[in-house]
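The values are calculated or read from the model by the stated rules, or taken from the named source; none is laboratory data. Remember, predicted model here, so these are calculated numbers, not experimental data. When we count neighbours, we look across all protein chains shown, and the Cβ atoms used for this are built from the backbone with ideal geometry, even at glycine.
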Amino acid sequence: MSLVIGAATIGFILALLALGVYISFRIFEFPDITAEGSITLGAAVAAVLLTHGWQPVAATAMGALAGGVAGAFTGVLAMKFQVNRLLAGILTMTALYSVNLRIMGKSNVPLLHDRSLVTQAESVGQRLFGTADLHIMGWEVSPRDAAVMLLTPIAVALMAALLYWFFRTNIGTAMRATGDNAQMIRAMGADDGLMVILGLALANAMVGLSGALLAQYQGFADVQMGIGMVVWGLASVIIGEALVGTMQLGYAITGSIMGSVLFRLLVAMALRWGLNPNDLKLITAAFVFAALVLPRALASMKKKPQGAAAHA
Amino acid sequence: MLEIRDVRKTFHAGTPNEVRALRGVLATIEPGSFTIIIGTNGSGKSTLLNAVAGSFYVDSGSLHIDGVNVTRWPEHRRASLIGRVFQDPFSGTAPGLSIAENFSLAARRGLRRGLGFALGRRVQDEMRDVVRSLNMNLEGRLDNAIGSLSGGQRQALTLLMATWRKPKLLLLDEHTAALDPKSADQVIALTDKIVARDSLTTFMVTHSMQQAASLGDRLIMMHRGQIIHDIRGEEKKRVRATELLERFEELRRSELLDEGAAAMLEAAYV
């Protein structure tokens, strides 16, 4: 049971990553690789601040803010200096590797005895459930796990609601239109370059927040933790789209969260059945490739007979 | 209202593909004037419109709208003064957004966009009235994605959006060229109605001699990046489509003559 709870909790934490990927890849159609570095950046900033005795909420917020700055940096490279979009993200991501090492001072920062959102959640849990293990449906669950499992979805739902609100404001609508049709939004008087920069900042703030929470949940920040995260987020977004079946804003946001949690649970199950963890990234990449290519292949297979009939 | 002072633009300068698209265009468009621009392919008529809209910066010369020098303004800044409809019906709207959301963007053209709710009740009521005036039965479908509509419907809506917050200048770039004849007629009728109602200063590029003859109060004909005819007043009212076609024919013949003469000279002397 603790395996399932752990997987679901990480799924919710990484849902914030999925939301960030959704914003850059889907809303702005910007293949932003920055996330690989900004998730680690968020984790590094939060972890270091926590070891310096910062308030957990403030440290977490700073992690998100740092991610946002990284995203804005990629945006400036791409929109103001006309660097190829993929390359802009790669440059930021590569630079962030050094930045993250500088921030942490070493490749790994453990959070063993430091106050964090998790220790705060634990004390909430103990106040709610007492200090003894809980028995839920025959499984033993520690108050810490139960409290984290309860509070993480609430925090994620709050962020999702905030995003949903934001993308329906005047500036948020202009951002969505920028990804849809940049020519149109320029003709409507919005600076499309600025919209993309702000959008990537928002996306990577979400990713940084995800990293900050992940570091606190797993108890350390590691300079390698970002590897493969973009594909991970993309897989969640794709699963989410399949689950809700529409690209509409509210559904897509909900879908990305559901996709992230479901994906994590599937992975936990696969690992339980003996999947080699080393193969995980290969399988994730293969999954995303299949999800990108299969619908088109199926559609063309379906279309061909019709096309032939039309020509006859 | 719009002053174009000796505007020049060369694309791909210094390469074999060099195109001198605008070679010194001079024009003053009075407030409320509905000016039609015609010209052969490659004459620079669409380039001129894009230069005014700010799709690129001109090499030399200056552009003034309503007395303001906008020559160095980026495209999105000029949009505070300019409403625009494009040739491609898909260029003027964001397909994934609903009709209402597209209109909410038009409502803020040239204004600051903050954290106010894009689809406030007042804006929605207002846009419903505007869309109802189209008589296309779209006012009940404001929540539908605009990408689900036909090209003609989208172009009509783009026109409404461009003129909703009365622009100082309305730019129409062959905005019926990609539509079927029936939709084109509808959009032209709508254009005529709105321009007359709001007495908008309008700059319209067209390939249709029919439209050129029947619409507007001034007619500019371009050729090789320059204005070669400027017809207005009584003369514009009298001008017929056949007459315009004759002028094009004349151009074509004089060009053939030029080329023929050049070939003759070449044969004789080289």
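The table for this structure:
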item: So A:TRP232, is it hydrophobic (A, V, I, L, M, F, W, C), modelled with pLDDT under 95 and buried (at least 24 other Cβ atoms within 10 Å of the Cβ); result: yes
item: Filtered residues of region B:88-129 (kept if surrounded by 18 or more Cβ atoms within 10 Å (Cβ to Cβ) and more than 8 Å from every other protein chain (Cβ to nearest Cβ)); result: B:PRO89, B:SER98, B:ILE99, B:ALA100, B:PHE103, B:ALA107, B:VAL123, B:MET127
item: Residues satisfying the stated conditions in region B:230-252, i.e. surrounded by fewer than 17 Cβ atoms within 10 Å (Cβ to Cβ), closer than 20 Å to B:LEU2 by Cα and either modelled with pLDDT under 90 or basic (Lys, Arg) (or both); result: B:ARG232, B:GLY233
item: Leading residue by the ranking (farthest from the other protein chains (Cβ to nearest Cβ)) among those in region B:143-166 that are among the aliphatic types (A, V, I, L, M) and outside any helix (DSSP H, G or I); result: B:LEU149
item: Filter result for the condition that a residue is more than 14 Å from every other protein chain (Cβ to nearest Cβ) and surrounded by fewer than 16 Cβ atoms within 10 Å (Cβ to Cβ), over A:THR131, A:THR152; result: A:THR131
item: Any hit, region A:53-71, residues being buried (at least 24 other Cβ atoms within 10 Å of the Cβ) and outside any helix (DSSP H, G or I); result: no
